[in-house]
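**Student:** Mind having a look at this structure? Questions to follow.
Readers should treat all values here as calculations from the given coordinates under stated rules, not as data from a laboratory. These numbers were taken from a predicted model, which means no experiment stands behind them. Quick reminder, even Gly has a Cβ in these numbers, built from the backbone with ideal geometry, and neighbours come from all protein chains shown.
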Amino acid sequence: MARMVTTQRKVISTAAAWLVGFLIFFPILWMVLASFKTELEAFAIPPSFLFFHWTTENYVTVQERSDYFHHALNSIIIAGGSTLIAMLIAIPAAWSMAFSPTKRTKDVLLWMLSTKMMPPVGVLVPIYLIFRNFGLLDTRSGLIFILCLGNLPIVIWMLFTYFKEIPKDILEAARMDGATIGRELIYVLTPMAVPGLASTMLLNLILAWNEAFWTLNLSTLEAAPLTVFIASYSSPEGLFWAKLSAASTLAIAPILVLGWFSQRQLVRGLTFGAVK
Amino acid sequence: MATQQTQLLARTLLTPAVALLFIWMIVPLALTIYFATLHYNLLDPGSESFVGLENFRYFLTDPAFLASLQNTLVLVGSVLAITIILGVPLALLLDQQVVGLSIVRLMVIAPFFVMPTVSALVWKNLLMHPVSGLFAWIAHLFGLPAIDWFNDAPLFSVILIISWQWLPFATLILLTALQSLDEEQKEAAEMDGASAISTFIYITLPHLARPITVVILIETIFLLTVFAEIFVTTGGGPGLQTTNIAFLIYSQALIQYDVGSASAGGLVAVVLANIVAFFLVRIVGRNLEA
């Protein structure tokens, strides 16, 4: 039974939680508001909170002046592509380790985890030179490749922890009934694994979408995803707050929605199952 | 035999992932080690020559290295302290009965999903701008002088932004851990007349020890190589005041094109990260057996 909570205590914790939540969320809210102001109002002191001349003009300008959709499309292709390829490589690997573990499975898993610990900056030089020599700089395929490898350990780990939770008895029953491994994989395992697969994909999409080390260093224009596009607003001559806000709002909106759906999986994925 | 077949299949399925990760780990690392022993500047092609440990001597005795190492440690330490010290009470608060908890949770977790370049630029301009920023206006309301954040306290400004990004992460993990805490244990303690404070110290805090360790280790791994936030706000400056190891290596590699020295720096970063990784892998490994 839940503990009895006095009404007074509930009111206080509710008020405190809402206040803190609002404060933490405020920078995002402020940015969204600024995206609907004119440049003059976005810059104005004292600032106006709600009573300003609402306009969607910034959203139009952002597209016209800097080809927002080109970069959004890059983000979608790079994040989506790297996620799909990582899943294709990770599903068989995680399946194998979860259902046919050997003595070395634990070591293999921990070794995979340790590859994620490698700071990207430690291998920046060789990766940059390899990319330059193979003409991969500022290409989507290059970024897809690198982000896929970077997130592969997390994907395998998450899938492994989900597959582990599927009861083995079911597989044995299927085997007794004469199911081949292929059939077992498609008809028994896959339906049970769908929730785990979905949340793994979701988390990986978020990580790839927001990745801002390799994208900043390996792309400039043609393949530049939204992280790089937003960074171009940092130059002093490009300081248009309302337009920066509009571009930023568009850049984070889809991922905020996805992220809110995947809060729980986030903990599992980013702690490698150490906190559940 | 079926089991042998299964095992063979299992190994075949595992191979691509292992092979790819192995190549991904070993090839760039080997190249980094190789480059680190060369005099190699992209602006001066054809002059590559073996110089042994000269690059390490150069990198490690460069005053910029000590400055950036210090900045890295201050940045990691401060963000860890801020996110844990604020994260614990915040997680405790969200563990209470709160009306509309799911909405509050959404608001608290949101910053974690904002891409680093967006959070850095929004904070730097909309909030921390010395004239038109919201903070300047609030300071003005209270009759205080506005702070020129990125000039007067550049490293602290970067720390503030990064803490905002990572506070949700710490809170979410601590909250998840709190929710697995046995409610009956707390009830029993209350029935025995334990005060809220001693319940916290003797029951809740020990329970949080492990998740706090996990938060510290994971955040450290990411924070050691903070890059985008510095890249778009300060560019490492003024002077070297916000240059961390990651940014120093970047500027040696892609601004000065000094491949040899940057590679030596890269290896230093790898060693630093590995010290942390060693402990994290042990904790995760212990959990794998349980």
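**Student:** What distance in nm lies between label points placed 7 Å from Cα along the C-beta direction at B:SER102 and A:THR56?
**Tutor:** It is 2.8 nm.
**Student:** Report the Stokes-Einstein translational diffusion coefficient (µm² s⁻¹, integer) for chain B, Rh taken as the Kirkwood radius over Cα pairs, at 20 °C with viscosity 1.002 mPa s.
**Tutor:** 95 µm²/s
**Student:** Please state the relative contact order of the stretch A:60-199 as a whole percent: Cα pairs under 8 Å, 6+ residues apart? Kindly include the intermediate steps, with their values, before the conclusion.
**Tutor:** Numbers: 77 pairs, mean separation 48.0, N = 140.
That works out to 34 percent.
**Student:** In addition: If a helix is a whole DSSP H run, which ones in chain B reach 30 Å or further along their own axis (Cα) and hold a mean Kyte-Doolittle hydropathy of at least -1.0? Don't skip to the end; give the middle numbers.
**Tutor:** Values: long enough: B:2-36 (50 Å, 1.33); B:63-94 (45 Å, 2.01); B:154-179 (38 Å, 1.65); B:259-289 (43 Å, 1.47).
Answer set is B:2-36, B:63-94, B:154-179, B:259-289.
**Student:** If you take the Cα Rg of the stretch A:7-57 and divide it by 2.2 N^0.38 Å, with N the number of residues, what do you get?
**Tutor:** Rg over 2.2 N^0.38 Å, computed on Cα atoms: 1.56.
**Student:** Another question, then. Over chain A, what is the mean sequence separation of C-alpha contacts under 8 Å (at least six apart), divided by residue count, expressed as relative contact order in percent?
**Tutor:** This gives 30 percent for chain A.
**Student:** Would you tally the net charge around A:ALA251, using a Cβ to Cβ cut-off of less than 15 Å, leaving A:ALA251 out, and scoring K and R as +1, D and E as -1?
**Tutor:** Computed value for this residue: -1.
**Student:** If you plug each phi of the stretch A:110-117 into the Karplus form 6.51 cos²θ - 1.76 cosθ + 1.60 with θ = phi - 60°, what whole-Hz ³J(HN,Hα) values come out, in order, with x for Gly and Pro?
**Tutor:** After applying 6.51 cos²θ - 1.76 cosθ + 1.60, I find 5, 5, 4, 4, 5, 5, 6, 6 Hz.
**Student:** While we're on this one: Could you state the angle between the C-alpha long axis of helix A:57-66 and the longest principal axis of the C-alpha atoms of chain A, as a value from 0 to 90 degrees rounded to the nearest 10?
**Tutor:** Long axis of A:57-66 versus the principal axis of chain A: about 70 degrees.
**Student:** What is the set of long-range amide H partners of B:LEU38 at a cut-off below 5 Å, with H atoms built 1.01 Å from backbone N?
**Tutor:** Long-range HN contacts for B:LEU38: B:VAL51.
**Student:** Let me ask something else. In degrees between 0 and 90, to the nearest 10, how far off the longest principal axis of chain A does helix A:241-261 point, with axes built from Cα atoms?
**Tutor:** Roughly 30 degrees between the two axes.
**Student:** Using the 10 angstrom Cβ neighbour count as an exposure proxy, how do A:ARG140, A:ARG104 rank, fewest first? Provide the component values of the computation, followed by the final result.
**Tutor:** Numbers: A:ARG140 19, A:ARG104 10.
Final ranking by Cβ density, sparse to dense: A:ARG104, A:ARG140.
**Student:** If we count other beta carbons within 10 Å of each Cβ, what is the order of A:ILE76, B:ILE84, fewest first?
**Tutor:** A:ILE76, B:ILE84
**Student:** Which three semi-axes in whole Å describe the equivalent ellipsoid of the protein assembly as shown, each the square root of 5 times a Cα gyration tensor eigenvalue, listed largest first? Walk me through the intermediate numbers first.
**Tutor:** On the way: eigenvalues 269, 238, 117 Å².
They are 37, 34, 24 Å, listed from largest to smallest.
**Student:** Give a residue-ordered list of calculated ³J(HN,Hα) values for the stretch B:39-44 (Karplus: 6.51 cos²θ - 1.76 cosθ + 1.60, θ = phi - 60°; whole Hz; x for Gly, Pro).
**Tutor:** Karplus-based 3J(HN,Hα) across the stretch B:39-44 equals 7, 8, 10, 5, 7, 10 Hz.
**Student:** Spelling out what I want: for every residue of the stretch B:230-241, take phi, set θ = phi - 60°, compute 6.51 cos²θ - 1.76 cosθ + 1.60 (Karplus), and round to whole Hz; glycine and proline get x.
**Tutor:** 6, 4, 8, 9, 10, x, x, x, x, x, 10, 4
**Student:** Here's another thing I want to ask about it. Taking neighbour Cβ counts within 10 Å as the exposure measure, how do A:MET112, A:MET117 sort from fewest upward?
**Tutor:** A:MET117, A:MET112
**Student:** What is the P(r) of the stretch A:68-270, as percent of Cα-Cα pairs per 5 Å bin from 0?
**Tutor:** In order of increasing distance, the bins hold 1, 7, 14, 16, 16, 14, 11, 8, 5, 3, 2, 1, 0, 0, 0 percent.
**Student:** Moving on to the next point. List the lysines whose Cα lies under 22 Å from the Cα of A:LYS168, skipping any in the same chain that are fewer than 8 positions away.
**Tutor:** Result set, ordered by chain and number: A:LYS103, A:LYS106, A:LYS276.
**Student:** May I pose another question? So which lysines pass the test for B:LYS124, namely a Cα distance under 18 Å, with those fewer than 8 places away in the same chain ruled out?
**Tutor:** Partners within reach: A:LYS243.
**Student:** Using the alpha-carbon atoms, what tilt in degrees (0 to 90, nearest 10) does helix A:68-99 show relative to the longest principal axis of chain A?
**Tutor:** Approximately 20 degrees, to the nearest 10.
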